[in-house]
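Student: The structure follows.
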Amino acid sequence: MIRKDMLSIKKLETIAKDTFLIVLASNISVDDVAPGQFIHIRIGQGNAHLLRRPISIADVDQANQLLTIIFKSVGEGTTQLSKQKVGDQVDALLPCGTAYPIAGLTMHSALLIGGGIGVPPLYYLAKQLVAKGIKVTAILGFQNKEHVFYEQEFQALGDVYIATNDGSYGYQGFVTDVYQQVQPDFDCYFSCGPTAMLKSVTSTLEDKQGYISLEERMGCGVGACFACVVPSHDGGYRKICQQGPVFPAKEVALS
Amino acid sequence: MIRKDMLSIKKLETIAKDTFLIVLASNISVDDVAPGQFIHIRIGQGNAHLLRRPISIADVDQANQLLTIIFKSVGEGTTQLSKQKVGDQVDALLPCGTAYPIAGLTMHSALLIGGGIGVPPLYYLAKQLVAKGIKVTAILGFQNKEHVFYEQEFQALGDVYIATNDGSYGYQGFVTDVYQQVQPDFDCYFSCGPTAMLKSVTSTLEDKQGYISLEERMGCGVGACFACVVPSHDGGYRKICQQGPVFPAKEVALS
Amino acid sequence: MNLSVSLPGLSLKNPVMPASGCFGFGMEYSKFYDLEQLGAIIIKAATEEMRYGNATPRVAETTVGMLNAIGLQNPGVLNIIEKEVPPLAAYNTPIIANVAGSTIEEYELVAEKLGNTEQIAALELNISCPNVKEGGVQFGTDPDLAYEVTKRVKAQSSVPVYVKLSPNVTDIVTIAKAVAAAGADGLSMINTLTGMQINLQSRRPILANQVGGLSGPTIKPIAIRMIYQVREALDIPIIGMGGITCAEDVLEFLLAGANAVAVGTANFTNPFICPEIITALPDTLAKYGFNSLQDAIGKGHAHETTNLSRA
Amino acid sequence: MNLSVSLPGLSLKNPVMPASGCFGFGMEYSKFYDLEQLGAIIIKAATEEMRYGNATPRVAETTVGMLNAIGLQNPGVLNIIEKEVPPLAAYNTPIIANVAGSTIEEYELVAEKLGNTEQIAALELNISCPNVKEGGVQFGTDPDLAYEVTKRVKAQSSVPVYVKLSPNVTDIVTIAKAVAAAGADGLSMINTLTGMQINLQSRRPILANQVGGLSGPTIKPIAIRMIYQVREALDIPIIGMGGITCAEDVLEFLLAGANAVAVGTANFTNPFICPEIITALPDTLAKYGFNSLQDAIGKGHAHETTNLSRA
Ligand SMILES: Cc1cc2nc3c(=O)[nH]c(=O)nc-3n(C[C@H](O)[C@H](O)[C@H](O)COP(=O)(O)OP(=O)(O)OC[C@H]3O[C@@H](n4cnc5c(N)ncnc54)[C@H](O)[C@@H]3O)c2cc1C
Ligand SMILES: Cc1cc2nc3c(=O)[nH]c(=O)nc-3n(C[C@H](O)[C@H](O)[C@H](O)COP(=O)(O)OP(=O)(O)OC[C@H]3O[C@@H](n4cnc5c(N)ncnc54)[C@H](O)[C@@H]3O)c2cc1C
Ligand SMILES: Cc1cc2nc3c(=O)[nH]c(=O)nc-3n(C[C@H](O)[C@H](O)[C@H](O)COP(=O)(O)O)c2cc1C
Ligand SMILES: Cc1cc2nc3c(=O)[nH]c(=O)nc-3n(C[C@H](O)[C@H](O)[C@H](O)COP(=O)(O)O)c2cc1C
Ligand code: FES
Ligand code: FES
C-alpha cells in the first residue's frame, strides 16, 4: 500500500553526464515494490517546491530494504536532489503506480527498449525477468556517449545494444533503427522513454504484445488531481500516476 | 557611505531569554559606523525573505573590524538569524541611518533610557560618550528578570538602574517610573525602545534636550520606498531609515 | 478544545476539509489516513457528461505556488453518484459535491442529480473554474449571471448551496452580494487566479492550455483580503481557501472571517496535511488566546463579535 | 550582445529599469552603483500637493512577496521637479515620471508639469494604485474612466505616455484596449494585486491601511498571463513587471510580449539587482538561443514574429 516514507541516502554517485544514482534506505520492508513503479519525491522543505517529482525505481535490494533511483538533473528539483549528501533524508511517497505485469505473463524472451532516463525502470525489470528464467535483450538509446549508463549492468543480464543520437557510441540513430538492424527475437516487449520514442516503438512493434511506461507532469502522484491523464483507446482516459505509468501498449493513445 | 557587505559570524551567544548576541566581522574598515546606526540584514537566500531586517549596531571594534548586534527572536527572520553558526555569512547593508549626534553636542552628563531591544544601540553610544569624558547614567527597562541583559556592561560605564514590568528584577514598573524616583542629573538624554515608552519618555522629559531612536517596518531601508515614515512637527514627514532612526526628540510626532 | 463548527446543512467536527479537485473522490487519500478525521470532503467537480479536460501538460510549479489547467475532467455526474460517492459515503464525514457546467441548464441538471443524492450534504457551485473555454468563469465574473445560476441551482434541491467565487474579478463584494441575494447558503472562496508560466527552452507556455489557475501559498494574501472584504459587507458563512499549509494559516482565515477552511494544493506536497493541521489546531488556537474554534471566527475584524454561523 | 531597445520616446541601452515606488527618486541607489548602467529609471508617483500617505505600518512580508500601502506619499510635483529630478538628470539615463492623482484634473495638472519638464523622457500614468481611497485604482478598473484619463493626460504634453494597468480587474484586455484607443503610447504592467495579511497576535491586519499591494515573485505568473493576453490582442509596447528577480525572469517577460521590464521589490532584497540582471542578460539570452534583446520580444507567442517596437 502506498505510504509516505523518509528514506535515507546511502550512496550518491554520478554515473554519466548529469546523471546520478542514489541508493535509498527504508526503515521498513520494500518487498512490495515492483518493477515499473516510481517514488514521488518531495524537494526541499517548507513551501519551496509544492510539487513532488516522480522518479522510477531502478533497483530494489529487499534484504537490505534499499531502493535505487537513477535520474538526470534537468531542472530545479533534480539538481537539488543531486546535491544531497549521504545521510540526508528524502521524503517520498511509495510505491506509486502500476508495475510491469510480469507475474501474469508467460514468455520465454523479452525485449526491453529504453531511452535516456527511461532506462532505469527497465533495469529492475530485467533483473526480475532473468530471475524468472526469461531471456532478456535490451536496446538502450542515449543522446551521446557521455550520457550512456548501465551498459555493463544490462550486459550481465542479457544482450545489450546501445544507440546514440550522434553515433558517438554504439549504433547511430534511434532505438527503432537498432531494432530494425538487429531484429531480435522476443515474445513481449517493455519500453520506457520519451513519448516520441514510445510512439515510434509502438508503431514499429504494432503486432507484438508490449507494455510501455509513460511520463507526464504530475500534481498529486496518487490519482486524485487528474493532472497526468492520457487518452485511452476505449474513448476514456487513464491516470498515469495511478493506472500507469505502465500500460499495455494498445491501451493508451499517444499524441 | 552605505554599502552591501558580507559579514562573517565570529561569535553567537544567548545572553538572555530569546535574546542573542552576534559578533560580525567585516573585511573592510567599519570606522565609519557610529552609535545609533543600524545594519539591514538579509535573511536566507533566494526569495525566501524579500525584506531585510533592521538591527541596531550595539558595539564596534574598529581595530578588528567587528560589529556586535543584539536581538530578540520574535519572528521568522530573527529566529533564523539566531540559528546561524559561527563562520556563516550575513548579507547586510551598512551603516544605515543617522547616528546620535554626539560630536556636535557639548555636555557633561547624559541620561540613556532604553527599553528591551532598544537597549543595544545605547551601549555603543555609552562607550563613545564615556570616551569623551561624559558621565553616563542608564535606565534600562525589561519585561522581566529573564530578559535583562548587559547590566554589567553598562555598570562598567556609569550608574545603571534596571526596571522590569513585573518587578522580578530591579525596580518595578516602567523606565519613566524609575526616572521619577531616581531623578538623575543630566544635560541631554538619549532614548530607544518601543514607541509607547518613547512617548512617555519624551513627555516626561519635555523640557530637556534629547534624542530618540524610532522603529518602523521597513521596505528598502535606504530611503527609497517611503515605508518607514513618521510625521514631523514641521507638518512634513521623515524617513526613519534614512533621516532617522535617531531624531531630536522634538522633531517628530509620535502617535 | 472544541473544534466543531456548524454551517448551513453541515455540522462539522472540525473546520478542515480538502478542497475540490485536490482530493479526487477521496479514496486515494484513504490509503494514507482515516477520512473520518476530516471535517468534510469536497469532491472533484462534476459535469453532466464525462469530460476529458484539457491537453497535457496540465500542471506547472511556480514560486511557492502551482498552476493547473485540468479543465474539469471528471467521469460525469451519474458515474460519480454511482461509483465514486458510495465508497466515500462509508465514512462518517459530510460530502460536499462540486457542481460545474457550461450552460445554466447543465448546472441545473448536475445540481439536481447531486442535490438529490442522499449521501451528499451540500453543493459547492463552481462558477469560477478558469480552465474551461465555456461556462465556468464567466458565471463567476458577471454578477447577473452569478445571480441567475445560483438561483436556478438552489431550486434543484433542498441541500445548502455554497457558491465558489472567482478571485479574477474587479470587485468581489458585488459578486458575493449577487449570489447571496440569489439565495446562496454560503460562499466558498477563493478559486484559483489565472496565471501563466513560459518555458524558456521551448518558448511556449508550459501548460497546453496556455493559462492555468494559480494556487498555493502565493495566493493567500489575496484570499485573506477577499474574505475580509466580503465578511465586512455580508453576514454569510464562508468556507475559506487559498494557500493553506498549516494551522496558523487556518487561524488567519478564521480571523479574516472564514467559518471553515479547505486545503487544496498542500495535499500534493504532503498527503497528511489535513489531519496534521487538525491535530495542530487546538494548540494553535490556544496559543493565540482562543478557547474554541468558533471563538476565532471573524475576530480579525475590529469590534466584530457576530457569530456568523446560521445553522 | 545588443541589449538596446527602442520604445516610443525612449531609446534604451538595455531593457531594465527600476519600477516606480521602489527606487525613490534614484539618488539612494546612486550610492550603490552608477545609475548610468540602467536602461531607464521610473521615479516615485507624483501628485499635485505633498502627500503624507497612509499610516504605518505600511509594509508586510508575505511568502515570496510583500504587501505595501504607502499611499502615494511624495513631496508634490513641484518639489519633485525642483529638487528630485535635477540630481537624477545628471545621469545619462532616461527618466520616466509616474503620474498619480485623485481626480482627472489632478492627473492633468501633474502630467502637464512633468510632461513639460525637459529632463523627463516619458510619463507613466498610474491608474492602478490600490492604496489610496480616492482616485488611483478606480481609473484603472473602469474602461471608460481609463480612456478618459488617458486622453486628457496625453493632451497635456508631447512626451509619450505609458499607462500603468491594475491587475485587479476581471478583464485586462478591455482596459488595455481602452487606453490604447485613448492614445496611450505604451502600457506598463502590472501594478500590485490587492492583498491582506492578518497578525495572529494582534488579530488585526498588519498594515494600518488593512489592505495593500502584493508584489514580488508571487505575482509573476499573473503578470506573465496578463502581458501575454494583452500582447495577443494589441500591438502596443509594454513595459513588463511583477516579481522579476533575475535575467531568466526578464526573458520570460520578453517572451510573453514585454518590450522592456521594470524591477520593483527585488531592489529591497538586493540593492544591486538591476545591474546584476543587466550583466547576466547577454549570457541568458544566448543560452536560450537569442542573438539580441530585440530578438526575444514576443517569442513566447506561437508564430509570432512581429517587431513590436514603434519608435
Ligand atoms: C512516472 C515517471 C517516472 C520518471 N522516472 C524518472 C527517472 O527514473 N529518472 C529521471 O531522471 N527522470 C524520471 N522522470 C522524469 C522526472 O520526473 C523529471 O525529470 C523531474 O520531475 C524534473 O524535475 P525538475 O524539478 O528537475 O525539473 P523542473 O523543470 O524544474 O520541474 C518543474 C515541474 O515540472 C515537472 N517536470 C519537469 N519535467 C518533467 C518530466 N519529464 N516528467 C514529469 N514531470 C516533469 C516537475 O516534476 C516539476 O513539477 C519520471 C517521470 C515520470 C512521470
Ligand atoms: C532601526 C531599527 C533598529 C532595530 N534594532 C533592533 C535591535 O537592535 N535588536 C532587535 O532585537 N530588534 C531590533 N529592531 C527590531 C527588528 O527589526 C525586528 O524585531 C525584526 O525585524 C523582526 O523580524 P522577524 O523576521 O523576526 O519578525 P517577523 O514578524 O517574522 O517579520 C515580518 C516583517 O516585519 C518586520 N518587523 C517585525 N517586527 C518589526 C519591528 N519591531 N521593527 C521593524 N520591523 C519589524 C520584519 O522586518 C519583517 O519585514 C530594530 C528595528 C528598527 C526599525
Ligand atoms: C489541480 C487542481 C484542481 C482543481 N479543481 C477544482 C475543481 O474541480 N473545482 C473547484 O471548484 N476548484 C478546483 N480547484 C481549486 C481548489 O479547490 C482551490 O479553490 C484552490 O486551489 C485554492 O486553494 P489552495 O491554494 O489550497 O490549492 C482545483 C485546484 C487545483 C490545484
Ligand atoms: C513599496 C512599493 C511602492 C510602490 N509605489 C508605486 C508608485 O508610486 N507608483 C506605481 O505606479 N507603482 C508603485 N508600485 C508598484 C511597482 O512599481 C510594481 O508595479 C509592482 O511592485 C510589481 O513589481 P515587483 O513585483 O517587481 O515589485 C510600488 C510597489 C512597491 C512594492
Ligand atoms: S498526478 Fe494527480 S492524478 Fe496523476
Ligand atoms: S524603508 Fe524604504 S524609505 Fe525607509
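The values are calculated or read from the model by the stated rules, or taken from the named source; none is laboratory data. All values derive from a computational prediction rather than experimental measurement. Cβ sites come from the backbone with ideal geometry, for glycine too, and all protein chains shown count toward neighbours. We work out accessible area using only protein heavy atoms, side chains counted, and drop any ligands, DNA or RNA first. Shrake-Rupley method; radii C 1.70, N 1.55, O 1.52, S 1.80 Å.
Student: If we hang a label 7 Å off Cα along the beta carbon direction at C:Ser202, how far is it from the matching labels on the other copies, in nm, shortest first?
Tutor: Those separations, rounded to one decimal, come out as 4.6 nm.
Student: If you take the beta carbon distance between A:Gln209 and A:Val86 as r and set R0 to 45 Å, what does 1/(1 + (r/R0)^6) give as a FRET efficiency, to the nearest 0.05?
Tutor: After rounding, the FRET efficiency stands at 0.60.
Student: Calculated from DSSP H runs of 4 or more alone, at -39500 (n - 2.57) each and per residue, what is the 222 nm mean residue ellipticity of chain A, nearest 500? Mind showing how you got there, number by number?
Tutor: On the way: 5 runs with 42 residues, N = 255.
Helices in chain A give a 222 nm mean residue ellipticity of -4500 deg cm²/dmol.
Student: Here is a follow-up. So who's got an amide H within less than 5 Å of the one on A:Val90, skipping anything under 5 residues away but keeping other chains? H placed 1.01 Å off N, in plane.
Tutor: Result for A:Val90 returns A:Leu7, A:Ser8, A:Ile9.
Student: Can I ask one more? When only C-alpha pairs under 8 Å and at least 6 residues apart count, what is the relative contact order of the stretch A:147-252, in percent?
Tutor: 17
Student: Further, regarding this structure: What size of dipole, in debye to the nearest 20, comes out for the stretch A:102-215 about its Cα centre when the only charges are +1 on Lys and Arg C-beta atoms and -1 on Asp and Glu C-beta atoms?
Tutor: About 240 debye.
Student: Separate question: Taking each label point as 7 Å beyond Cα in the direction of the beta carbon, state the distances from C:Ala302 to the same residue in the other copies, shortest first, in nm.
Tutor: 5.2
Student: Taking a probe of 1.4 Å and counting only protein heavy atoms, give the total accessible area buried between chains C and A in Å², rounded to the nearest 100.
Tutor: Answer for the C-A pair: about 2800 Å² buried.
Student: Starting at the first residue of the stretch A:244-255, write each ³J(HN,Hα) from the Karplus equation 6.51 cos²θ - 1.76 cosθ + 1.60 with θ = phi - 60°, in whole Hz, x for Gly and Pro.
Tutor: x, x, 8, 10, x, 3, 8, 6, 10, 9, 7, 10
Student: How many Å³ per residue does the convex hull of the Cα positions in the stretch A:102-215 occupy?
Tutor: 89
Student: How many percent of the alpha carbon pairs in the stretch B:174-218 exceed a separation of 16 Å?
Tutor: When every Cα pair of the stretch B:174-218 is considered, 35 percent fall beyond 16 Å.
Student: How large is the convex hull of the Cα atoms of the stretch D:95-205 per residue, expressed in Å³ as a whole number?
Tutor: In the stretch D:95-205, the Cα convex hull volume per residue is 105 Å³.
Student: Just the Cα atoms of chain C: what Rg and Dmax do they give in Å?
Tutor: 17.9, 54
Student: Is there a quick way to get the dipole size of chain A? I mean about its Cα centre, with the Cβ of Lys and Arg at +1 and of Asp and Glu at -1; what is the value in debye to the nearest 20?
Tutor: In debye, rounded to 20, chain A gives about 600.
Student: Here's a follow-up. Of B:Gly77, B:Leu93, B:Ile9, which is farthest towards the positive pole of the stretch B:3-96's charge dipole, taken about the Cα centre with +1 and -1 on the beta-carbons of Lys, Arg and Asp, Glu respectively?
Tutor: Ranked along the dipole, the leading option is B:Gly77.
Student: Using Cα pairs under 8 angstrom and six or more residues apart, how large is the relative contact order of chain D, in percent?
Tutor: 20
Student: Right, here's the next one. My understanding is that a pair violates if its Cα-Cα distance is over 21 Å; which of B:Lys199/D:Lys44; D:Lys151/D:Lys177; D:Lys220/D:Lys299; D:Lys13/D:Lys177; D:Lys113/D:Lys154; C:Lys151/C:Lys177 do that in this structure?
Tutor: Listed pairs above 21 Å: B:Lys199/D:Lys44; D:Lys13/D:Lys177.
Student: Okay, next question. Among D:Ile224, D:Val159, D:Gly140, which residue has its Cα furthest toward the positive end of the charge dipole of the stretch D:114-230, with +1 on Lys/Arg Cβ and -1 on Asp/Glu Cβ?
Tutor: D:Ile224
Student: Simple spin-label model, 7 Å along Cα-to-Cβ: D:Ser292 to A:Ser109 in nm?
Tutor: In this crude label model, D:Ser292 to A:Ser109 measures out at 6.0 nm.
Student: Can you pull out the buried accessible area for chains C and D, both sides counted, probe 1.4 Å, rounded to the nearest 100 Å²?
Tutor: Result for this pair: about 3600 Å² buried.
Student: Around B:Leu67, with a cut-off of 12 angstrom between Cβ atoms, what is the net charge of the other residues, counting Lys and Arg +1 and Asp and Glu -1? Walk me through the intermediate numbers first.
Tutor: Numbers: positive: B:Lys10, B:Lys11; negative: B:Asp5, B:Asp31, B:Asp32, B:Asp59, B:Asp61.
Taking every other residue near B:Leu67 into account, the sum is -3.
Student: In percent, how large is the relative contact order of chain A, given Cα pairs closer than 8 Å and 6 or more residues apart? Could the numbers behind the result be given before it?
Tutor: Numbers: 596 pairs, mean separation 45.4, N = 255.
18 percent.
Student: I'd like the residues of the stretch D:161-197 whose 1.4 Å-probe accessible area shrinks by no less than 10 Å² going from the isolated chain to the full set of protein chains.
Tutor: Checking the loss per residue gives D:Asn168, D:Val169, D:Thr170, D:Leu193, D:Thr194, D:Gly195, D:Met196, D:Gln197.
Student: What list of ³J(HN,Hα) values in whole Hz, one per residue of the stretch C:207-212 in order, does the Karplus curve 6.51 cos²θ - 1.76 cosθ + 1.60 (θ = phi - 60°) give from phi, with Gly and Pro shown as x?
Tutor: Per residue, the Karplus-derived 3J(HN,Hα) values read 6, 4, 7, 6, 9, x Hz.
Student: Hey, another quick one. Only residues of the stretch A:198-233 count here: report those whose backbone N is under 13 Å from the spot 7 Å along Cα→Cβ of D:Glu232, or say none.
Tutor: Counting only backbone N, you get no residues.
Student: Let me ask you something else. Any chance you could check the stretch D:224-249 for residues losing 30 Å² or more of accessible area when the partner protein chains are in, compared with the chain on its own (1.4 Å probe)?
Tutor: D:Arg225, D:Tyr228
Student: Next question. Considering amide H positions built from the backbone, and no H for Pro or chain starts, which residues 5 or more places from C:Lys164, or on another chain, come under 5 Å of its amide H?
Tutor: Amide H to amide H, under 5 Å and 5 or more residues apart or across chains, C:Lys164 pairs with C:Leu125, C:Asn126, C:Ile127, C:Ser188.
Student: Which length gain, in nm to one decimal place, applies between A:Ile15 and A:Glu146 when the Cα-Cα distance is subtracted from 0.36 nm times their residue separation? Don't skip to the answer; put the middle values down first.
Tutor: Numbers: separation 131, 0.36 × 131 = 47.16 nm, distance 0.97 nm.
Value of the extension gain: 46.2 nm.
Student: Mind jotting down a quarter of the surface of the convex hull over the alpha carbons of the stretch D:140-257, in square nanometres, one decimal?
Tutor: On the way: hull surface 34.8 nm².
Over all viewing directions, the stretch D:140-257 projects a mean Cα-hull area of 8.7 nm².
Student: Still on this structure, please answer the following. Take the rotation relating chain B to chain A, measure from its axis to every Cβ in chain B, and name the nearest residue with the distance in whole Å.
Tutor: Residue and rounded Å distance to the axis: B:Ala48, 4.
Student: Something else now. What percentage of the solvent-accessible surface of chain C, computed with a 1.4 Å probe over protein heavy atoms, is contributed by carbon and sulfur atoms?
Tutor: Ligands and nucleic acids excluded, carbon and sulfur give 47 percent.
Student: Within the P(r) computed for the stretch A:153-240, what percentage of the Cα pairs occupies the region above 20 Å? Let's see the in-between values first.
Tutor: Numbers: 1824 of 3828 pairs.
Every Cα pair in the stretch A:153-240 considered, those over 20 Å come to 48 percent.
Student: Next question, about the same structure. I'm a student and want to see the number: the projected area of the Cα convex hull of the protein assembly as shown, averaged over all directions, in nm².
Tutor: 45.2
Student: In addition: Determine, from the Cβ-Cβ distance of A:Asp31 and C:Asn92 and an R0 of 35 Å, the FRET efficiency 1/(1 + (r/R0)^6), rounded to the nearest 0.05.
Tutor: Values: r = 34 Å, r/R0 = 0.97.
After rounding to 0.05, the efficiency reads 0.55.
Student: With label points built 7 Å along Cα→Cβ from the Cα atoms of C:Ala181 and D:Ile104, find their separation and express it in nm.
Tutor: Placing both labels 7 Å along Cα→Cβ, they lie 2.8 nm apart.
Student: Where is the GNM fluctuation largest for chain D (alpha-carbon springs, 10 angstrom cutoff): D:Leu114, D:Leu251, D:Leu200?
Tutor: D:Leu200
Student: Right, another one. Taking a temperature of 25 °C and a viscosity of 0.890 mPa s, what whole-number D in µm²/s does Stokes-Einstein yield for chain B with Rh from Kirkwood over alpha carbon pairs?
Tutor: 134
Student: Leaving out ligands, DNA and RNA, what percent of the accessible area of the stretch B:102-215 is carbon and sulfur, probe 1.4 Å?
Tutor: Percent of accessible area from carbon and sulfur atoms in the stretch B:102-215: 46.
Student: Of B:Asp207, B:Asp91, B:Asp187, which has the largest mean-square fluctuation in a 10 Å C-alpha GNM of chain B?
Tutor: Ranking B:Asp207, B:Asp91, B:Asp187 by mean-square fluctuation puts B:Asp207 first.
Student: Defining the label point at 7 Å along Cα→Cβ, can you sort the distances from B:Ala253 to the same site in each other copy, shortest first, in nm?
Tutor: The projected label point of B:Ala253 is separated from its counterparts by 7.2 nm.
Student: Something else: Tell me the per residue accessible area of chain B using a 1.4 Å probe; a whole number in Å² is fine.
Tutor: Numbers: 10200 Å² over 255 residues.
Here the per-residue accessible area is 40 Å².
Student: For the stretch A:3-96, max minus min Cα coordinate along each principal axis, in Å, sorted largest first?
Tutor: Taking max minus min along each principal axis of the Cα atoms, the stretch A:3-96 gives 32, 30, 25 Å.
Student: Considering the Cα trace of the stretch C:29-105, what is its radius of gyration and what is Dmax, both in angstroms?
Tutor: According to the Cα coordinates of the stretch C:29-105, Rg and Dmax are 14.6, 39 Å.
Student: For a quick check, take a GNM of chain C with Cα springs below 10 Å and name the residue from C:Ala97, C:Ala286, C:Ala69 with the largest mean-square fluctuation.
Tutor: Highest fluctuation among the options: C:Ala286.
Student: Sticking to Cα atoms, compute the Rg of the stretch D:1-132 to one decimal and its Dmax as the biggest Cα-Cα distance, whole number, in Å.
Tutor: 15.0, 46
Student: Go through B:His147, B:Tyr124, A:Ala156 and say which Cα lies farthest out towards the positive end of the charge dipole of the protein assembly as shown; charges sit on Cβ, +1 for Lys and Arg, -1 for Asp and Glu.
Tutor: Value computed over the given set: A:Ala156.
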